[in-house]
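First, the structure itself, so that you have it in front of you.
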Amino acid sequence: MSLMSDDLPGGALRTRYAGLAAIELPVDGARCAALLVPGLTGSKEDFLPMLPALAAAGVRVVAIDQRGQYESPDDTDPGAFEIPALALDLLAVAAELGDPVHLVGHSFGGLVAREAVLADRSPWLSLVLMGSGPGAIGGGRADILNAVRPILEHGGLAAVVAAQDTLSAADPTRVAPPPAVEAFLRHRMLTGSALALAVMGEQLLTAADRVEELRALSTRSALPLMVVHGAHDDAWPPDVQQAMADRLDASYAVVADARHSPAAEQPLTTARALLDFWSATAG
């Protein structure tokens, strides 16, 4: 299964929840749903390789594009792309789903998912933070975001894509994806919202550490938590994510042979980690 919107697993539907673009694998008799939230430059397609394994285990799976991402609506208000507003979108999706919901947030999506849980605990069976961190991102990823800011401001998304091409060509360690996937990734970037990318990027650079608040909520309301990441994650370093799991008293899993996108890079292993966690929570 590739990261292609026209390469869906059997039974998958393109749909919308709370106005957001989604891919869903309905399951007859499912006891729960899983809502999957992508990162800054991602989309619902990032989860495609993992969806069949989750659905086969009886989980109704819904992956979305956040506001301003790929096929979801844009907005002219910068505040619509700030973490609290994006979190309200997740709560609206959960309300439409109706089923008890396991929430999974990847990278920036993890910060949004955490905000949604802190805003309203009631819809969620559990929270999984995948390749996410305790607060603002740092290191090389922060350097990239700071470098992208003036490029985006003066040249728009096309200039950002051109800059990415230049960096990719100069990286001797880069393994290029298949041409069709690379074409999709380019199309996705150009289709998204420049304003969303700018505001979400700034949010990622300035997000507060809210781990203690989440730990307190989890303890008070018996919300199961999990931290999972690729063994070679190059966003928030693995030791930072492990320390966050310790602070949260959360379940913790490392996906071997994966970097920042374990759902796409090692989908079966990642799906198994999620299913084992959900099974342990009796969700």
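Would you confirm whether any residue within segment 84-96 is touching a Ser or Thr at 6+ places or on another chain (Cβ under 8 Å) and either in contact (Cβ under 8 Å) with a residue 24 or more places away in the chain or closer than 23 Å to ALA136 by Cα (or both)? Step through it out loud before you land on a result.
Keep residues of segment 84-96 that are touching a Ser or Thr at 6+ places or on another chain (Cβ under 8 Å), which gives none.
For segment 84-96, residues touching a Ser or Thr at 6+ places or on another chain (Cβ under 8 Å) and either in contact (Cβ under 8 Å) with a residue 24 or more places away in the chain or closer than 23 Å to ALA136 by Cα (or both): absent.
Related question: So for segment 99-106 (the condition being farther than 15 Å from LEU129 by Cβ, touching a strand residue (DSSP E or B) at 6+ places or on another chain (Cβ under 9 Å), open to solvent by less than 10 Å² (accessible area, probe 1.4 Å) and assigned to a helix (DSSP H, G or I)), does at least one residue qualify?
Taking segment 99-106 as the starting set, the residues that turn out to be farther than 15 Å from LEU129 by Cβ are 99-101.
Now narrow it down to the ones that are touching a strand residue (DSSP E or B) at 6+ places or on another chain (Cβ under 9 Å): 99-101.
Now restrict to residues that are open to solvent by less than 10 Å² (accessible area, probe 1.4 Å): 101.
Within this subset, residues satisfying the condition of being assigned to a helix (DSSP H, G or I) are none.
So far as segment 99-106 goes, no, none of its residues is farther than 15 Å from LEU129 by Cβ, touching a strand residue (DSSP E or B) at 6+ places or on another chain (Cβ under 9 Å), open to solvent by less than 10 Å² (accessible area, probe 1.4 Å) and assigned to a helix (DSSP H, G or I).
I would also like to ask the following. Out of all the residues in segment 185-207, is one or more hydroxyl-bearing (Ser, Thr, Tyr) and closer than 17 Å to VAL112 by Cβ?
Residues of segment 185-207 that are hydroxyl-bearing (Ser, Thr, Tyr), as a first pass: 191, 193, 206.
Filter once more, so that each one left must be closer than 17 Å to VAL112 by Cβ: 193, 206.
Checked segment 185-207: at least one residue is hydroxyl-bearing (Ser, Thr, Tyr) and closer than 17 Å to VAL112 by Cβ.
Further question on the same structure: List, please: which pairs have Cβ atoms under 7 Å, are six or more places apart or on different chains, and start with a residue in segment 256-272 that is under 18 Å from ALA55 (Cβ atoms) and among the aliphatic types (A, V, I, L, M) and end with one that is buried (at least 22 other Cβ atoms within 10 Å of the Cβ) and at pLDDT below 95?
Pairs found: ALA264/LEU3.
Listed residues VAL112, VAL93, VAL117, VAL148; which is within 21 Å of THR281 (Cα to Cα) and β-branched (Val, Ile, Thr)? Write out each step before concluding.
Details: VAL112 fails: within 21 Å of THR281 (Cα to Cα); VAL93 fails: within 21 Å of THR281 (Cα to Cα); VAL148 fails: within 21 Å of THR281 (Cα to Cα).
Every option except VAL117 fails the conditions.
Working only within segment 183-203, note down all residues that are open to solvent by 40 Å² or more (accessible area, probe 1.4 Å), over 14 Å from VAL160 (Cα atoms) and of a type outside the set (A, V, I, L, M, F, W, C).
GLU202
Report yes if some residue within segment 236-258 is under 18 Å from the mean Cα position of the chain (by Cα), among the aromatic types (Phe, Trp, Tyr), modelled with pLDDT of 95 or more and more than 25 Å from ARG174 (Cβ to Cβ); otherwise report no.
Taking every residue of segment 236-258 in turn, at least one turns out to be under 18 Å from the mean Cα position of the chain (by Cα), among the aromatic types (Phe, Trp, Tyr), modelled with pLDDT of 95 or more and more than 25 Å from ARG174 (Cβ to Cβ).
For (1) among the aromatic types (Phe, Trp, Tyr); (2) open to solvent by less than 30 Å² (accessible area, probe 1.4 Å); (3) in contact with a Pro (Cβ under 8 Å, 6 or more places away or on another chain); (4) closer than 22 Å to PRO38 by Cβ, each residue gets a yes or a no:
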{"residue": "LEU205", "(1), (2), (3), (4)": "no, no, no, yes"}
{"residue": "GLU213", "(1), (2), (3), (4)": "no, no, no, no"}
{"residue": "THR219", "(1), (2), (3), (4)": "no, no, no, no"}
{"residue": "MET226", "(1), (2), (3), (4)": "no, yes, no, yes"}
{"residue": "ALA231", "(1), (2), (3), (4)": "no, no, yes, yes"}
{"residue": "PRO237", "(1), (2), (3), (4)": "no, no, no, yes"}
{"residue": "MET244", "(1), (2), (3), (4)": "no, yes, yes, yes"}
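Go through segment 143-184 and give me each residue that's over 23 Å from LEU205 (Cα atoms), at pLDDT 85 or above and polar (S, T, N, Q).
Scanning segment 143-184 gives a single hit, THR166.
Another one. Just to confirm my filter: which strands (runs of 3 or more DSSP E) fall fully inside segment 1-85 and include at least 1 residues that are surrounded by 22 or more Cβ atoms within 10 Å (Cβ to Cβ)?
Details: elements: 13-17, 20-25, 33-37, 60-64.
Output list reads 20-25, 33-37, 60-64.
Of the conditions (1) under 21 Å from the mean Cα position of the chain (by Cα); (2) free of Cβ contacts under 8 Å to residues at least 12 places away in the same chain; (3) within 22 Å of ALA253 (Cα to Cα), ALA216 fails just one. Which one is it?
So the condition that ALA216 fails would be (1).
The values are calculated or read from the model by the stated rules, or taken from the named source; none is laboratory data. Source: prediction; values computed, not measured. Neighbour counts run over all protein chains shown; Cβ positions are idealised from the backbone, glycine included. Note: areas computed on protein heavy atoms with side chains; ligands, DNA, RNA excluded. Shrake-Rupley method; radii C 1.70, N 1.55, O 1.52, S 1.80 Å.
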